[in-house]
Amino acid sequence: MAFVGKDLRQTRGEEWCTLTFMRSALLLLLSCALVRPVLHGAQSVPAAVPEDYSGMYSFLRDGEFVQITVEEKGRVTGFISRFGDSESDKGVFMNQFFKSGKLEDNKLNFTTDNVHGVWFEFAGAATRGPGKKPDEDAYYLLRGTLTRFSTDADKITTSQVRIVEFKSFPRDAATN
């Protein structure tokens, strides 16, 4: 048998060299494919979605509620809708908007405007409640200390502190 242009030893050497190169390249690719997920594993796991505590919660009496909206950078806006309890507004339904409010992680604080000499401060936490889904009562809870301040006609300010737990109202399924 005669080979044209190359002898048998050169042909077998080139085949061996090419086969070794291909095996090495395949091994390198497989190694890279296996190592990449290990090196970048933390990046491929999706970050936990922060809870959205925005919504309506019970307040002190039936028919009263707190509406909170968590905005960018933990800013909280909202209001308390409640029945008046002073001589000038007894039984009148009124809104007291938040003067300030902040949510850091799950720590919630807000202060309302003064309406007819009364304002509130809340300091506590927003947590998951016993509700199983957002469209159930008490999916979220606001637990903490509520302080009611009142100023009388003589400009004397008094305060009443109580431990509270406000339960979220069911969310509309269309907003989830």
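Taking R82 as the residue in question, decide whether it is out of contact with any strand residue (DSSP E or B) (no Cβ under 6 Å at 6 or more places or on another chain), assigned to a strand (DSSP E or B) and of a type in the set (K, R). Answer is yes for this residue. Looking across the range 148-169, the residues that are without any contact (Cβ under 8 Å) to a residue 60 or more places away in the chain and either crowded, with 16+ Cβ neighbours inside 10 Å or of a type in the set (A, V, I, L, M) (or both) come down to R148, F149, A153, I156, V161, I163.
Scanning the range 86-143 for residues that are part of a loop (DSSP other than H, G, I, E, B) and loosely packed, with under 14 Cβ neighbours inside 10 Å returns S86, E87, S88, K90, G91, V92, D105, P130, K132, K133, D137. Among all residues of the range 150-163, there is none that is under 20 Å from V70 (Cβ atoms) and assigned by TED's automatic domain parsing to the domain that holds G74. The residues in the range 82-95 that are more than 18 Å from F149 (Cβ to Cβ) and at pLDDT 90 or above can be counted, and the count is 1.
Looking across L103, L60, one residue alone is in the same structural domain as G144 (by TED's automatic domain parsing), touching a helix residue (DSSP H, G or I) at 6+ places or on another chain (Cβ under 6 Å) and among the hydrophobic types (A, V, I, L, M, F, W, C). It is L103.
The values are calculated or read from the model by the stated rules, or taken from the named source; none is laboratory data. None of these values were measured; they are calculated from a predicted model. FYI the Cβ positions are ideal-geometry reconstructions off the backbone, even for glycines, and counts take in every protein chain you see.
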